[in-house]
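One structure is given here, and the rest of the page talks about it.
None of the figures in this text is laboratory data; all of them are computed from the coordinates on show. Since this is a predicted model, take the numbers as computed values, not measurements. As a convention, Cβ positions derive from the backbone with ideal geometry for all residues, glycine included, and neighbour counts pool all protein chains shown.
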Amino acid sequence: MRGEPGARLFFRPRRTRCWKCLVTHVLLAGTTWPRRADTAEVIGAGLETAALGLGHRRIAVQLDPAESTVRGWIRWFALRAEDVRRFFTIALVAIADDPVMPEPSGSPVADAVAAVIAAHGAAAGKWSAMNTVSRWVFAGRVMAGRLLTCPLSPD
């Protein structure tokens with residue numbers, strides 16, 4: 001597991017067995033997303049940088065994963081960008097008493113990132129404990145870590 005640039009995290013995910021169907025499941029920490037070797041903060045930092053217009057090569061130099069990994073994050077997030085933007089805009093309206101909608105930027109990725117940031121800000125304003133949770137851990141928990149999965153996938 002990769003954390004901040006140059007930092008490696010080692011952990012063994014726990015497994016559990018469903019008592020109804022007897023299928024085993026991997027239990028991930030809240031700071032990780034399914035099928036990803038990087039923490040939510042690292043992936044989120046890459047997505048925020050991509051929303052500013054930087055390419056995957058520059059982001060890879062900044063954050064330390066392979067260029068193909070960063071390119072994959074951006075591609076998968078771009079496929080889900082409209083769903084993510086819609087989901088977090090609805091969450092923002094539901095959470096905030098007087099929501100301030102993010103301005104459209106012209107890029108689907110930037111609009112989705114802005115919606116995540118705005119929804120996290122509204123949650124942190126309403127519940128002070130949310131200030132201790134990063135916006136990308138928040139986004140991963142709210143969407144069950146599915147920010148980078150196929151939009152048509154039931155996973």
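Trypsin sites (Lys or Arg not before Pro), restricted to the stretch 14-79: which are DSSP loop and have at most 16 other Cβ atoms within 10 Å?
Those satisfying the criteria are Lys20, Arg35.
So for the pair Arg58, Arg15, with labels modelled 7 Å out along Cα→Cβ, what separation do we get in nm?
Those two pseudo-labels are separated by 4.4 nm.
Which one of Trp136, Trp127, Trp19 has the biggest mean-square fluctuation once the chain is modelled by GNM with Cα springs under 10 Å?
Of Trp136, Trp127, Trp19, the most mobile in the Gaussian network model is Trp19.
Helix by helix, which DSSP H runs in the chain go 24 Å or more along their axis at the Cα atoms and have an average Kyte-Doolittle hydropathy of 0.0 or more?
67-95, 108-126
In a Gaussian network model over the chain where Cα atoms closer than 10 Å are linked, find which of His56, His25, His120 has the largest mean-square fluctuation.
Highest fluctuation among the options: His25.
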